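> Sharing a structure with you now.
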Amino acid sequence: MAKKKATKMAKKAPKKAAKAPAPKLASPADAIHQLDAEFMKAASAKSAASLVKAFYAPDAVLMPPNHPIVEGRAKIQGFLQALIDSGLTSIKVDTTTIAGAGDLAYGRGRYSLTISPPSGTPVQDAGKYVVVYRRQANGAWRAVTDIFNSDQPAQQ
């Protein structure tokens, strides 16, 4: 009789909880649009540190027009802070094309910005960009290569 009772009790033991499904990774398009929003928000807040942390991978490179390549987060932050300090008052990015495979994706789009220097005439610029993104070990997407250039004619 004791054996039957033990068997019956074993059958009533609670089943192990089912494993929770792994969190769904953001699609490249969703992630890139979110990164664009973070980029504009941090730029509007005049925080190059927040912008770089939210947008760029540690080994990222920035390739601005008429300037040598800028490598790594610290140098990118310095470059962007100088841009902000020069009087950046607004920036809008609009990624219009996104494609990717595996852990790499790219976005192509257009930007517009306004710089109002403390002493001088405001400058408005519009141009285009291509950004290459890589999925990080934690699943987040970050920019690894960012190149942009103006639609305006080069100044002589």
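Derivation of every value follows stated rules applied to the coordinates shown; laboratory data play no part. Just so you know, these numbers come straight off a predicted model, no measurement behind them. Cβ sites come from the backbone with ideal geometry, for glycine too, and all protein chains shown count toward neighbours.
> Between ALA82 and LEU104, what is the label-to-label distance in nm when each label sits 7 Å out along the Cα-to-Cβ direction?
Rounded to a tenth, the inter-label distance reads 3.0 nm.
> Percent relative contact order of segment 22-156, based on C-alpha pairs within less than 8 angstrom and at least six residues apart? All intermediate terms of the calculation are to be shown ahead of the outcome.
Details: 253 pairs, mean separation 32.1, N = 135.
Once normalised by length, the contact order is 24 percent.
> Please check which bits of segment 48-78 a label hung off ALA140 would reach, taking the label as a point 7 Å along Cα-to-C-beta and the cut-off as backbone N under 14 Å.
Answer for segment 48-78: 49-60, 73.
> Here's a follow-up. Can you put ARG108, ARG73 in order, fewest other beta carbons within 10 Å first? The partial results should precede the final answer.
On the way: ARG108 13, ARG73 19.
Starting with the residue having the fewest Cβ neighbours, the order is ARG108, ARG73.
> Find the eigenvalues of the gyration tensor of the Cα atoms of segment 23-128, then list the square roots of 5 times those eigenvalues as equivalent ellipsoid semi-axes, largest first, in whole angstrom. Don't skip to the end; give the middle numbers.
Numbers: eigenvalues 127, 48, 35 Å².
Value: 25, 15, 13 Å, ordered largest first.
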